[in-house]
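Q: Here's a structure for you.
The values are calculated or read from the model by the stated rules, or taken from the named source; none is laboratory data. Owing to the predicted nature of the structure, the values given are computational and were not obtained by experimental measurement. Ideal geometry is used to build each Cβ from the backbone, glycine not excepted, and the neighbour counts take in all protein chains shown. Just so you know, the surface numbers come from the protein's heavy atoms only, side chains and all, with ligands and any DNA or RNA stripped out. Shrake-Rupley method; radii C 1.70, N 1.55, O 1.52, S 1.80 Å.
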Amino acid sequence: MRDQSSHSPPPEDVLEIGAPEQFAALANPLRQRLLFALGHRPATVSRLAAQLDAKKGNVAHHLKVLREAGLVHIAETRQVRGGTEQYYQRTARHMVVSEPQAAGTAAMLAAVAQELDRSPVEPHLTLRHLRLSPAKAKQLGETLAGLVDDAEEDGADGREDGGSEGGDEQPVHGALVVLYQQAPPTGTTAPGSTTPG
């Protein structure tokens, strides 16, 4: 029999990533998978270890790193026969990088590269250079973010009761959305700017 002993508030809608410890926490592929696994409902170390086919001690260590970075928290604790179970939850439903920093971005991209290498199917990876007005670039960024958000909502099964121990039946996909403006070559000026006379 389990007694519920504590509850935390539901996750925030958006968390802006900007602190060095947050970038460091996101630089590990397993920690990224843990964040994804915690995206729909809280889970214990044991459940996460089974879901991700990882050792419980390894999962506990990475959850501690995520917790210290403010990316997960203990949502609730429950008393069980053998002691106390802790249920971890993401602190926010969506995480966005507010001001990318070179070192942090490189670490996150390295973790994504490892995930691409582990993928059992051929990933879709495209790099394009587009000439866009500021208004078109903003519109494209919003459209890309909207596509990912819509796909996530369509993929959720709507179960709030914990469902089966094994999780959803569909394979997990990662989506990295990046839209950036290239820096002009050294010695040139950006369009619309003037050079001092």
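Q: Go through 59-72, 80-93 and give me the packing order, highest mean Cβ count within 10 Å leading.
A: For the peptides 59-72, 80-93, the packing ranking is 59-72, 80-93.
Q: Shifting gears a bit: Across every pair of different alpha-carbon atoms, what Kirkwood hydrodynamic radius in Å does region 50-143 reach?
A: Roughly 17.5 Å, rounded to one decimal.
Q: Nearest 5 is fine: what % of DSSP beta bridges in region 1-116 come out antiparallel, could you say?
A: Given both bridge residues lie in region 1-116, the antiparallel proportion sits at roughly 70 percent.
Q: Further, regarding this structure: Amide H neighbours of Thr91 under 5 Å, counting only residues 5+ apart in sequence or on other chains, H built in-plane at 1.01 Å?
A: Val72, His73
Q: Any lysines with Cα under 19 Å of the Lys55 Cα? List them, leaving off those in the same chain fewer than 8 positions away.
A: Reachable lysines: Lys64.
Q: Something else about it: Ranked highest first by average number of other Cβ atoms within 10 Å, how do 97-108, 22-33, 40-51, 132-143 line up?
A: 22-33, 40-51, 97-108, 132-143
Q: Okay, moving on. Per residue, how many Å² of accessible area does region 1-155 show with a 1.4 Å probe?
A: Here the residues of region 1-155 average 65 Å² of exposed surface.
Q: State the percentage of accessible surface on region 66-138 attributable to carbon and sulfur atoms; use a 1.4 Å probe and exclude ligands, DNA and RNA.
A: 52
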